[in-house]
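The values are calculated or read from the model by the stated rules, or taken from the named source; none is laboratory data. All values derive from a computational prediction rather than experimental measurement. Cβ sites come from the backbone with ideal geometry, for glycine too, and all protein chains shown count toward neighbours.
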Amino acid sequence: MTVRSAGILLFRRSSTTELEVWIAHMGGPFWAHKDARAWSIPKGEYLEDEDPLMAAKREFAEEIGTPRRPSSITS
């Protein structure tokens, strides 16, 4: 079985036109006191019959605690 993962990379250009990205610290007891390699885009696995974009939106809401703001999404 193939493992599939979907995520959303939020980004913006700052007032100085630098690119800023949103990353999150992975949760759970394993990551509690670790920072090295513990940062990632909000993402998660999804089933073969599940839409990847819907899975990415769900994972973002679950991991960040709020749905993403409406904007254009490209996949």
I'm checking my understanding of the structure. Among residues of segment 21-61 that are surrounded by 13 or more Cβ atoms within 10 Å (Cβ to Cβ), hydrophobic (A, V, I, L, M, F, W, C) and outside any loop (DSSP other than H, G, I, E, B), which one is modelled with the lowest pLDDT? 31
For segment 4-39, enumerate the residues that are without any contact (Cβ under 8 Å) to a residue 24 or more places away in the chain and among the small types (Gly, Ala, Ser). 14, 15, 28, 32, 36, 38
